[in-house]
Amino acid sequence: MNAHPVPRDYTLDDFAGQTPLVEMRGINVAFGGVKAVNDVDCTLFPGEVVGLLGHNGAGKSTLIKVLSGAYHMNSGEIYIRGGKVNIQNARDAREYNVETIYQTLELADNLDAASNLFLGRELTTPVGALDDVKMEAETREVMGRLNPNFRKFSAPVSALSGGQRQSVAIARAVYFNAKILIMDEPTAALGVQETAMVADLIRKLKSEGIGIFLISHDIHDVFELADRLTVMKNGRLVGTVKTKDVSEDDVLGMIILGKYPEHLLEPVPA
Amino acid sequence: MADAADRPTDKTAAPAADTALDESGEPGLERQNAFSRALRAMEVDTRLLGMIAALLVIWIAFDLLTGGRFLTPRNLFNLSVQTASVAVMATGMVFVITARHIDLSVGSLLGVIAMVMGLLQAEILPEYLGFNHPLTWVITVAVGVAMGAVIGAMQGFVIGYLAVPAFIVTLGGLLVWRGAAWFVTEGRTVAPLDGTFMLFGGGVAGTLGEMLSWVVAVIAVAVIVYAALQDRRRRQIFQFPLKPVWAEWTNIGLLAVMVLGFTLVMNLYPVPQRAAQRIAEAEGIPIPPEGFDWMHGIAIPVVFVAIVAVIMTLVSKRTKFGRYVFAMGGNPQAAELSGIDTKKMTMLIFMVMGILCALSAVIASARLQSAANDLGTLDELRVIAAAVIGGTSLAGGVGTIYGAILGALVMQSLQSGMALVGVNTSLQSIVIGLVLVLAVYVDHIYRSRSSD
């Protein structure tokens with residue numbers, strides 16, 4: 001399938017001398033005999049958005065779930081801020097400030113925004129009781145930063161719109177100091193304006209120095225937001241490019257045909 | 001950008017329509033009348049009002065049908081005592097059902113624990129301590145509670161860690177523990193029970209009496225006022241929106257009136273002369289020539305229910321445990337991904353249920369002053385019905401402790417009322433069965449309306 005070898009990742013030249021926030025090297029994940037992820041490398045630097053693209057079954061979600069602790073890799077190495085890490089489960093990932101926002105927005109619909117934001121990490125009073133007032137205050141603060149028009153603090157999240165729910169999910173990651181944010185199809189369920197709001201949020205987080213892996217089917221979204229694009233096909237890496245160096249057609253070619261853009265093969269454009 | 005997102009962009013976002021600036025997410029104020037506006041300011045649960053209304057209708061109807069024999073201090077006292085055992089278990093069932101499980105074994109669990117406690121206090125402990133030793137009831141209750149905790153945890157372990165559905169595990173439990181109850185004494189009923197233990201059943205002696213009832217009522221009112229003001233102060237510090245002051249005081253006032261009113265009614269039920277004399281003799285009080293004017297006051301099992309209700313409410317609202325129960329019911333996957341140990345939670349939920357079954361076993365056997373192996377038969381259905389009538393959703397994630405207690409009271413009111421009217425038992429079952437279905441249907445309608 002993958003006749004030509006993966007080209008040298010020229011996009012790393014811009015980051016010469018910097019330590020990546022995340023570096024995944026030679027990752028392999030197999031389910032039974034199927035190699036879902038086959039010897040894939042990818043990197044993420046602070047303050048950038050890396051779009052992970054590929055068809056369904058290309059292995060992008062599998063790759064990223066290794067980082068979020070949901071799947072185990074068969075071989076490969078993960079470095080976070082230069083140090084080698086061993087992520088066994090979601091809790092380990094959180095220890096390294098990796099937060100994941102799932103496609104299905106894992107929120108408890110019957111609870112309000114504050115309860116969801118702090119779920120599993122509740123603030124308590126000295127006697128060990130839930131400090132709901134404190135949690136609401138913190139929620140109001142962080143939501144005020146992310147989505148200043150959000151007012152429904154006492155309603156269960158089932159009463160919120162898709163965009164509002166998404167901002168609660170993002171607030172959860174932000175509040176707990178995510179340095180590495182994984183967003184799996186963050187706009188899949190949203191309308192046009194809500195998508196715009198989430199895009200805004202992503203830019204805001206980026207400017208705060210957070211590194212974001214953005215997984216999406218929607219090339220337009222990714223083009224607008226991502227600095228670099230890492231494309232996978234059939235479990236293998238097609239290559240990584242800078243968004244500004246490629247057209248949408250180039251990227252479609254990478255996704256569908258697994259073809260690295262000709263003009264980026266040597267010599268590197270000035 | 002952000003305010004645009006609060007407006008509907010497609011059908012799925014519609015619930016947010018025109019309420020972007022509205023804290024509670026309900027339709028605009030101008031469309032509502034003064035009454036519902038007042039209710040909203042008071043932040044009263046409209047479901048709760050519906051249940052209280054239903055209860056009042058049932059009470060008044062039975063009072064009319066029985067020619068004024070239903071709403072008497074005596075009948076209400078009996079009603080409160082009869083409700084106690086199911087009410088205690090119903091508070092635990094709220095947790096179980098909210099976490100998307102079910103417990104069909106509670107009646108049998110009550111039976112086997114009551115038998116063991118009966119045997120212990122009537123036949124085993126007297127051998128070492130003598131009859132009516134002051135420690136007998138303490139040891140008995142402690143053993144019962146420990147037994148409930150162990151059996152509950154065992155069932156919870158199988159459900160949580162071994163992933164056998166709760167329905168099956170507790171259906172098995174229903175048969176296992178009922179059978180075990182028989183084996184404790186080979187079917188023999190155990191009596192008499194320990195004198196102090198029997199006070200938990202709320203007989204003539206098992207009440208607080210007039211004076212102590214008032215003391216308890218006043219303390220309860222003080223706690224209500226303190227808790228409400230404390231909560232308000234906390235919200236004030238963070239400058240959150242507050243209820244209007246009048247609404248706060250109306251809520252406090254209504255609760256206080258209910259507590260004091262209940263106490264007054266219980267204090268209007270006189271202790272019969274002969275019973276009073278018996279108690280006086282036992283305690284060495286001289287009998288006054290004009291006889292006794294003792295009143296029952298609040299029954300001890302009702303105090304029990306109140307304490308359990310307060311603790312369970314605090315657990316559900318103010319602890320991580322309670323928060324996780326609701327999170328598990330709302331979205332089990334989200335709970336798991338948030339790092340909640342759902343297996344352990346499941347085990348603990350069933351353990352709490354087991355402990356509450358033990359407390360109900362104390363009340364039920366003390367009330368009958370004996371332990372028989374069929375004690376608690378069909379209680380699982382009463383308990384589940386009470387929780388469900390009280391607004392606990394079988395789909396999980398929704399339920400309140402006070403709702404379950406009110407649900408138990410509604411069920412018991414129907415049953416006692418029909419008995420008082422002289423409806424035969426078969427017809428009673430039919431009515432209660434239909435009411436259960438009706439209650440869940442009404443609840444369904446209510447929820448589907450209030451969710452859009």
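The values are calculated or read from the model by the stated rules, or taken from the named source; none is laboratory data. Note that the structure is a prediction, hence the values are computed from the model and not measured. Methodologically, a virtual Cβ is constructed for each residue, glycine included, from the backbone with ideal geometry; neighbour enumeration extends over all protein chains shown.
Tell me whether region A:141-148 contains one or more residues that are outside any loop (DSSP other than H, G, I, E, B), assigned by TED's automatic domain parsing to the domain that holds A:His217 and touching a helix residue (DSSP H, G or I) at 6+ places or on another chain (Cβ under 8 Å). So far as region A:141-148 goes, no, none of its residues is outside any loop (DSSP other than H, G, I, E, B), assigned by TED's automatic domain parsing to the domain that holds A:His217 and touching a helix residue (DSSP H, G or I) at 6+ places or on another chain (Cβ under 8 Å).
Hey, any hits in region B:400-421 for a residue that's without any contact (Cβ under 8 Å) to a residue 12 or more places away in the chain, assigned by TED's automatic domain parsing to the domain that holds B:Val112, of a type in the set (A, V, I, L, M) and out of contact with any Leu (no Cβ under 7 Å at 6 or more places or on another chain)?
yes
The residue that is modelled with the lowest pLDDT, counting only those in region A:180-202 that are surrounded by 24 or more Cβ atoms within 10 Å (Cβ to Cβ) and facing chain B (nearest Cβ under 7 Å), is A:Glu194. Would you check if there is a residue in region A:244-254 being surrounded by fewer than 22 Cβ atoms within 10 Å (Cβ to Cβ) and closer than 30 Å to A:Val133 by Cβ? No - not one qualifying residue is present in region A:244-254. If you go through region A:105-120 and keep only what is more than 8 Å from chain B (Cβ to nearest Cβ) and at pLDDT below 90, you end up with just A:Leu105. Working only within region A:144-157, note down all residues that are under 24 Å from the mean Cα position of the chain (by Cα) and within 7 Å of another protein chain (Cβ to nearest Cβ). Selection gives A:Asn147, A:Pro148.
Residue-level check: of (1) more than 7 Å from chain B (Cβ to nearest Cβ); (2) assigned to a loop (DSSP other than H, G, I, E, B); (3) farther than 27 Å from A:Arg81 by Cα, A:Asn177 misses just (3). Filtering region A:170-179 to residues that are among the basic types (Lys, Arg) and surrounded by fewer than 24 Cβ atoms within 10 Å (Cβ to Cβ) leaves only A:Lys179. Looking only at residues in region A:121-140 that are in contact with a helix residue (DSSP H, G or I) (Cβ under 9 Å, 6 or more places away or on another chain) and of a type in the set (Val, Ile, Thr), which one is farthest from the other protein chains (Cβ to nearest Cβ)? The extreme case among them is A:Thr139.
Counting only strands (runs of 3 or more DSSP E) wholly contained in region A:190-269, the ones carrying 1 or more residues that are over 18 Å from the mean Cα position of the chain (by Cα) and either basic (Lys, Arg) or in the same structural domain as A:Phe45 (by TED's automatic domain parsing) (or both) occupy A:228-233, A:236-242.
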